[in-house]
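Chemist: Before I ask anything, let me first share the structure, which is written out below as structure tokens.
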Amino acid sequence: MFEGVFGGPGGLVPNTVQKRLSTVGLYLIAILVTIFVLTPLYLMVVVAIQSPQTLFSGGDLTLIPPTVSLENFRTLINGTPTVTYFVNSIIITGASVLLSTVLAVVSGYSLTRYDISGKSLIARIVLFSYMVSPIVLAVPLYVIFFKIGLLNQYISAILAVTAISAPFSIWLMWQYFQNIPIAYEESAWTRGASRWRAVRDVILPLARPGYISVAIFSFAVAWNDYAMVRVVLNDQALYPLTVGSELIFQEVFVGWGEQMSMMLIMSLPPFLVAAFLQNYLLQGFNLGHG
């Protein structure tokens, strides 16, 4: 309706001006989103690297720290079980990532290459199970682990977290393997390679973006999980950072600086993983179309 008035041939606003306005608008939106996202991160870092003496000097929050201090981190490391919680997070997350990735690769390949009756329905049921809230699985898993004597162990936390990430991981690898032509394997077979060797030497290298994306996704789920781990673990010595930090924050001596330092410690590993593996993540979620 307004195209003939504001744009197009003979319009009041030339096309070049429209393009510039669109570009300016996109830049403004990008800047606003960036400010919205980075402001909390900046405040977290600023509070974490300041000593309690300079944090609220003059009664106001110091947004530009005069000096960088590691006092808050030393307080956490020396006065709380932060190191223990961090190691527990590494153990639970690492094992869950490995288990979820192996399940995704094996299941995704099987659903793609083997003639399984109703495999499309199976894959969609697996994806649907991911949409179920994790807390719904908590009680059944608690009962199962209680019956078989696995409660309050690393293995129970690992399996519980894997139960959350595995369904979507399997669906993603099923989609990814469908974009790798079977002709590659057939070519290897004609040269005398077994199925396992063809998978190892041909398919897995081609599927690297897919399973690295699965590993990143599984890492994010396991590292940030709270509910499932809290249900299956009762021993504080086994708590990961997500659960242990709650106990630390209840300590009387823990202030804003220590809390933000804990948040920074929890945020760094996911940030580093995403920063170094973002190219694989984009390729993997593109499902092989590039």
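What follows draws every value from the coordinates through simple rules; no lab data is involved. Just so it is clear, the model here is predicted, and its values are computed rather than measured. Here Cβ is always computed from backbone atoms with ideal geometry, including for glycine, and neighbour counts include all displayed protein chains.
Chemist: Based on the mean of other beta carbon atoms within 10 Å per residue, what is the order of 196-202, 270-276, most packed first? It would help to have the intermediate numbers written out before the result.
Modeler: Working: 196-202: 14.1, 270-276: 11.9.
Ranking, from highest mean packing down: 196-202, 270-276.
Chemist: Under 16 Å from a point placed 7 Å out from the Cα of residue 200 along the Cα-to-Cβ direction: which residues of the range 89-120 have their backbone N that close?
Modeler: 106
Chemist: Count the net charge of all other residues whose Cβ sits under 14 Å from the Cβ of residue 178, scoring Lys and Arg as +1 and Asp and Glu as -1.
Modeler: Details: positive: 113, 119, 124; negative: 185.
Once positives and negatives cancel, what remains is +2.
Chemist: Please work out the FRET efficiency for the pair residue 250 and residue 182, using the Cβ-Cβ distance as r and a Förster radius of 51 Å; give the result to the nearest 0.05.
Modeler: Values: r = 57 Å, r/R0 = 1.11.
Given R0 = 51 Å and the Cβ-Cβ separation, E is 0.35.
Chemist: Follow-up question, since we're still on this one. Provide the gained length on full extension for the span residue 131 to residue 115, in nm with one decimal, where the gain is 0.36 nm per separating residue minus the Cα-Cα distance. Each step should come with its number before you reach the end.
Modeler: Numbers: separation 16, 0.36 × 16 = 5.76 nm, distance 2.66 nm.
3.1 nm is the gain from fully extending residue 131 to residue 115.
Chemist: Which value in nm describes the separation of the simple spin-label points at residue 83 and residue 227, placed 7 Å from the Cα toward the beta carbon?
Modeler: 3.4 nm
Chemist: Continuing with the same structure: For the pair residue 191/residue 70, report the inter-label distance in nm, with labels modelled 7 Å from Cα in the Cβ direction.
Modeler: 5.2 nm
Chemist: On to the next question. For a protection proxy built on the mean count of beta-carbon atoms within 10 angstrom, sort 184-194, 236-246 highest first, please.
Modeler: On the way: 184-194: 12.5, 236-246: 19.8.
Per-residue Cβ counts within 10 Å, averaged per peptide and sorted highest first, yield 236-246, 184-194.
Chemist: Taking only C-alpha pairs under 8 Å that are 6+ residues apart, what is the relative contact order of the chain in percent? Can you show the working numbers first?
Modeler: Working: 327 pairs, mean separation 76.1, N = 290.
Rounded, it is 26 percent for the chain.
Chemist: Could you work out the pair-distance distribution P(r) of the chain from its alpha-carbon pairs, with 10 angstrom bin width and percents rounded to whole numbers?
Modeler: That works out to 6, 19, 23, 21, 16, 10, 4, 0, in percent per bin.
Chemist: Quick check: residue separation of residue 271 and residue 146 times 0.36 nm, minus the Cα distance between them. What number comes out in nm?
Modeler: Working: separation 125, 0.36 × 125 = 45.00 nm, distance 3.54 nm.
Extra length available between residue 271 and residue 146 comes to 41.5 nm.
Chemist: Mind ranking 215-224, 145-154 by how tightly packed they are, going by the mean number of other C-beta atoms within 10 angstrom, highest first? All intermediate terms of the calculation are to be shown ahead of the outcome.
Modeler: Numbers: 215-224: 21.7, 145-154: 14.0.
Going by the mean number of other Cβ atoms within 10 Å, highest first, we get 215-224, 145-154.
Chemist: With the contact rule set at Cα under 8 Å and sequence spacing of 6 or more, what percent relative contact order holds for the range 38-160?
Modeler: Working: 51 pairs, mean separation 21.9, N = 123.
Normalised by residue count, the contact order of the range 38-160 is 18 percent.
Chemist: Still on this model: Label residue 60 and residue 102 with points 7 Å out from Cα along Cα→Cβ: what is the distance between them in nm?
Modeler: Computed distance between label sites residue 60 and residue 102 equals 5.7 nm.
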